[in-house]
Amino acid sequence: QVQLVESGGGLVQPGGSLRLSCAAAGSSFTILAMAWYRQAPGRQRELVASIRAGGSTNYVDSVKGRFTISRDNAKNTLYLQMNSLKPEDTAVYYCNTPTGREFSWGQGTQVTVSS
């Protein structure tokens with residue numbers, strides 16, 4: 001089965017930056033759209049950024065202009081560059097395909113934005 005492994009989270013000050021990585025094992029997602037999601041306690045999982053196989057991207061309004069999703073197909077890796085982080089960005093971040101036939105969810109990586 002496909003395994004998704006998220007990494008790169010941590011504790012940062014407001015205004016700081018993090019780069020998240022998502023590595024896929026057991027499959028290549030070269031031809032798939034991929035996305036980053038986040039979930040905070042008591043809240044629904046939220047799609048925050050997506051990237052199509054052709055490279056076009058989309059972002060939820062709350063992160064637009066601050067986050068950049070990218071992919072390295074040769075490395076089978078998805079990235080999320082997060083700048084100008086805000087406390088409301090605090091959540092566990094997950095990657096998956098938004099195609100409707102998602103892989104099993106990984107453990108996610110915790111992002112905490114706090115002074």
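The values are calculated or read from the model by the stated rules, or taken from the named source; none is laboratory data. Treat the numbers as computed from the prediction; the structure is a model and nothing was measured. Using ideal geometry, Cβ is built from the backbone for each residue, glycine included, and neighbour counts are taken over all protein chains shown. Side chains included, ligands, DNA and RNA excluded: accessible areas come from the protein's heavy atoms. Shrake-Rupley method; radii C 1.70, N 1.55, O 1.52, S 1.80 Å.
For residue 71, the conditions (1) of a type in the set (Lys, Arg); (2) closer than 23 Å to residue 13 by Cβ; (3) not in a loop (DSSP other than H, G, I, E, B) all hold with the exception of (2).
In a residue-by-residue description of region 19-37, the property of being open to solvent by 50 Å² or more (accessible area, probe 1.4 Å), touching a Lys or Arg at 6+ places or on another chain (Cβ under 6 Å) and at pLDDT 95 or above applies to no position. Within region 90-109, being of a type outside the set (Ser, Thr, Tyr) and farther than 17 Å from residue 63 by Cα holds for 96, 98, 100, 101, 102, 103, 105, 106, 107, 108. Scanning region 72-102 for residues that are open to solvent by 40 Å² or more (accessible area, probe 1.4 Å), of a type outside the set (Val, Ile, Thr) and under 19 Å from residue 23 (Cα atoms) yields a count of 9.
Among the residues making up region 1-59, those that are in a loop (DSSP other than H, G, I, E, B) and hydroxyl-bearing (Ser, Thr, Tyr) are 17, 27, 28, 30, 56. Is it true that some residue in region 11-34 is in contact (Cβ under 8 Å) with a residue 12 or more places away in the chain, among the aromatic types (Phe, Trp, Tyr) and in contact with a Cys (Cβ under 7 Å, 6 or more places away or on another chain)? Looking for residues that are in contact (Cβ under 8 Å) with a residue 12 or more places away in the chain, among the aromatic types (Phe, Trp, Tyr) and in contact with a Cys (Cβ under 7 Å, 6 or more places away or on another chain), one finds none in region 11-34, hence no. Taken over region 75-92, residues that are within 12 Å of residue 113 (Cβ to Cβ) and in a strand (DSSP E or B) amount to 2. Only residues that are open to solvent by less than 40 Å² (accessible area, probe 1.4 Å), farther than 19 Å from residue 99 by Cβ and in contact (Cβ under 8 Å) with a residue 40 or more places away in the chain were counted in region 39-64, giving 1. Pairs are defined by a Cβ separation below 8 Å, a sequence spacing of at least 6 or placement on different chains, a first member in region 90-115 that is without any contact (Cβ under 8 Å) to a residue 40 or more places away in the chain, and a second member that is crowded, with 22+ Cβ neighbours inside 10 Å and among the hydrophobic types (A, V, I, L, M, F, W, C); no pair meets this definition.
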